[in-house]
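Remarks on the structure that follows.
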Amino acid sequence: MAYSDKVVDHYNNPRNVGSLPKNDPNVGTGLVGAPECGDVMKLQMKINPETQVIEEAKFKTFGCGSAIASSSLATEWVKGKTVDEALAIKNTDIVRELSLPPVKIHCSVLAEDAIKAAIGDWKKKHGVEAPAAAETASH
Amino acid sequence: MSTVPTSAEAPLVCWNCHERTLGTHFCSNCGKLRQLPQGTDYFALFEMPRKLWMEMSELEQKFLRLSWKLHPDNFVNASEQEREVSLKRSSELNDAYRTLRDPIARVEYLLAIEGERKEGEKKQQAPPELLEEVFELNESLDELREAKASGEDLAALKAQLENAEKNFQEKLGEVDGELQATAREWDAVLTGDSATRKKVMAKLNELLNRRSYIRNLVTNVAKELTEV
């Protein structure tokens, strides 16, 4: 199966590989996996509690080219977005951008799950279950 | 040609004589090779219960007998349609044998036909502890790769890799042991109530997931080792 140029580009030059301090209260960590292929993906974001803007995003993925490209793209997309904007990213957006074939759709699902998990972790650290807007209002 | 009676399938209409027929492999009416009745799973194809423990020699015998019966060589003088059916049936039979012969593929297949294997977009999330563990194991493997790239002491690196391989192999062995035990559990509840069956299948599913993460690690470390 041939990868699209965009997948190859992200695979050869992955953006934002690395990690952020897990215990930083402003860092949310999402760790997700796809059992069918054994891929694991860790996505971390540093979120400004005042503005709700994602200031930094890092990832580390052990998996196939599509999984790496999906998470690399996800970090690019979430940077500079607000939490709510990032939550609106759908796996289908990633599929479209990277032209993923049907057998690789689960890689994009993994990336979407990772975004949600990371933001969920950050929200938990801040004791918010409610929509992020409530958090801003309290400051 | 003999007819093989089947218990599981409803009678269907034969493509050749257009009569309702009961045979799994050959029409009970006209004796022509049949298309596999829709919904016939691999277990039914071999006329075996959906048990996870199987006598390999029994499966092999059934396979050989059937492949002899269905083989395209037997149909060189038959109509084009029957030749096509023979080809299709033979390839289905090979798939069925390959799947049931392999204990892991067999579990995957069972869960799939029981509708309990969660794959693709409807995947199941693995437990966080497992993901943490797998991630850490992957990271340690990554460190070894980096050490290799920077040309560190190869002998020491090789020892570390071998150690990692042993560790992953052990883990794989543990999972396989648990899978076997759970497979026996499944066979015991085969005719049990659906809640119990579902519980055992959920356990099988979880073990398969765990296994695929560990299998990846084993493959990756083995690959690194061949390159040291």
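The values are calculated or read from the model by the stated rules, or taken from the named source; none is laboratory data. Everything numeric in this text was worked out from a predicted model, so none of it was measured. Here Cβ is always computed from backbone atoms with ideal geometry, including for glycine, and neighbour counts include all displayed protein chains. These accessible areas exclude ligands, DNA and RNA; they are computed on the full protein's heavy atoms, side chains included. Shrake-Rupley method; radii C 1.70, N 1.55, O 1.52, S 1.80 Å.
See the values below:
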item: Positive-end residue, chain B charge dipole about Cα centroid, Cβ charges, pick of B:HIS71, B:ALA159, B:VAL107; result: B:HIS71
item: Positive dipole terminus of the protein assembly as shown, leading residue within B:HIS25, B:LEU144, B:VAL221 (C-beta point charges); result: B:HIS25
item: Net charge dipole size for the protein assembly as shown [Lys, Arg +1 and Asp, Glu -1 on Cβ; Debye, nearest 20]; result: 900 debye
item: Kirkwood-based Rg to Rh ratio, region B:14-155, C-alpha trace; result: 1.22
item: Proximal aspartates and glutamates to B:LYS88, defined as alpha-carbon separation beneath 18 angstrom and excluding residues fewer than eight positions away on the same chain; result: B:ASP41, B:ASP73, B:GLU80
item: Interface size B-A, as summed buried accessible area [1.4 Å probe, Å², nearest 100]; result: 1700 Å²
item: Entries of A:LYS79/B:LYS158; A:LYS58/B:LYS223; A:LYS22/A:LYS90; A:LYS104/B:LYS69; A:LYS58/B:LYS199; A:LYS81/A:LYS125 with Cα pairs more than 31 Å apart; result: A:LYS79/B:LYS158; A:LYS104/B:LYS69; A:LYS58/B:LYS199
item: Kirkwood hydrodynamic radius of region A:19-125, Cα pairs, Å; result: 13.4 Å
item: Long-range amide H partners of B:LYS32 with built H, under 5 Å; result: B:CYS27
item: Helical contribution to [θ] at 222 nm, DSSP H n ≥ 4, -39,500 (n - 2.57), averaged over the protein assembly as shown, rounded to 500; result: -18500 deg cm²/dmol
item: Local net charge near B:THR99, Cβ-Cβ under 9 Å (Lys/Arg +1, Asp/Glu -1); result: 0
item: Lys, Arg +1 and Asp, Glu -1 on Cβ, resulting dipole of region A:1-132 about Cα centre, debye, nearest 20; result: 220 debye
item: Span per principal axis, largest first, for the Cα atoms of the protein assembly as shown (Å); result: 81, 55, 45
item: In degrees, nearest ten, helix B:103-113 long axis to first principal axis of chain B (Cα); result: 60 degrees
item: Kyte-Doolittle mean at least -0.5 and Cα axial length at least 24 Å: DSSP H helices in chain A; result: A:105-125
item: Buried on assembly, region A:5-35 (at least 40 Å² less accessible surface than by itself, 1.4 Å probe); result: A:LEU31, A:GLY33, A:PRO35
item: In degrees, nearest ten, helix B:194-227 long axis to first principal axis of chain B (Cα); result: 50 degrees
item: Choice from B:ALA188, B:ALA202, B:ALA149 showing the highest fluctuation, given a GNM over chain B with Cα pairs closer than 10 Å; result: B:ALA149
item: Choice from B:GLY23, B:GLY151, B:GLY115 showing the highest fluctuation, given a GNM over chain B with Cα pairs closer than 10 Å; result: B:GLY151
item: Length-normalised contact order for region A:19-125 - Cα pairs under 8 Å, 6+ apart - percent; result: 33 percent
item: Percent carbon-and-sulfur accessible area, the protein assembly as shown, ignoring ligands, DNA and RNA, probe 1.4 Å; result: 50 percent
item: Quotient of C-alpha Rg and 2.2 N^0.38 Å, computed over region B:133-190; result: 1.66
item: Folded to 0 to 90 degrees: helix B:80-101 orientation relative to chain B principal axis, Cα; result: 40 degrees
